[in-house]
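Structure first, then comments.
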Amino acid sequence: MREIADGKHITCRVIDTDQYRRLVAQCFESGRDIGLAIVAAGLAETLFRYLPRQHGMNLGEYVETEQRAKAANAGMWSAEILKPSE
């Protein structure tokens, strides 16, 4: 699937359809994983429990990126918070 956002071409690989019939996708802009960039900025946490078994994503990279964001006190990790998943 190809879309344009803010004048940039976004390519998404649909991974699943959730229980509400919404598409779950991994999206890229110029080869950069947008979800991974959001995790790196400390604006999201990794939630893998909703992924189907055959998703094809490199989860280790997401976990390492989240750990680096926490260590750097990036974004939401700069304050004591209740995790979004809680």
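The values are calculated or read from the model by the stated rules, or taken from the named source; none is laboratory data. These figures come from a predicted structure and were not determined experimentally. When we count neighbours, we look across all protein chains shown, and the Cβ atoms used for this are built from the backbone with ideal geometry, even at glycine. Remember, those area values only see protein heavy atoms, side chains included, never the ligands or the DNA or RNA. Shrake-Rupley method; radii C 1.70, N 1.55, O 1.52, S 1.80 Å.
Return yes when Glu29 is under 28 Å from Ser78 (Cβ atoms), in contact (Cβ under 8 Å) with a residue 40 or more places away in the chain and surrounded by 14 or more Cβ atoms within 10 Å (Cβ to Cβ) and no when it is not. Spelling it out, it is not the case that Glu29 is under 28 Å from Ser78 (Cβ atoms), in contact (Cβ under 8 Å) with a residue 40 or more places away in the chain and surrounded by 14 or more Cβ atoms within 10 Å (Cβ to Cβ). Restricting attention to segment 12-26 and to residues that are under 26 Å from Arg68 (Cα atoms) and open to solvent by less than 50 Å² (accessible area, probe 1.4 Å), the residue that is modelled with the lowest pLDDT turns out to be Val24. Taken as a whole, the structure leaves Leu51 outside the set of residues that are modelled with pLDDT of 85 or more, under 15 Å from the mean Cα position of the chain (by Cα) and among the hydrophobic types (A, V, I, L, M, F, W, C). Please specify each residue of segment 54-81 satisfying the condition of being aliphatic (A, V, I, L, M) and either over 13 Å from the mean Cα position of the chain (by Cα) or surrounded by 16 or more Cβ atoms within 10 Å (Cβ to Cβ) (or both). Those that are aliphatic (A, V, I, L, M) and either over 13 Å from the mean Cα position of the chain (by Cα) or surrounded by 16 or more Cβ atoms within 10 Å (Cβ to Cβ) (or both): Ala69, Ala71, Ala72, Ala74, Met76, Ala79, Ile81. Filter segment 20-43 down to the residues that are within 16 Å of Glu61 (Cα to Cα) and of a type in the set (Lys, Arg) and list them by number. Correct list: Arg32 only. Per this entry, Val39 is counted among residues that are in a helix (DSSP H, G or I), farther than 25 Å from Arg21 by Cβ and open to solvent by less than 50 Å² (accessible area, probe 1.4 Å).
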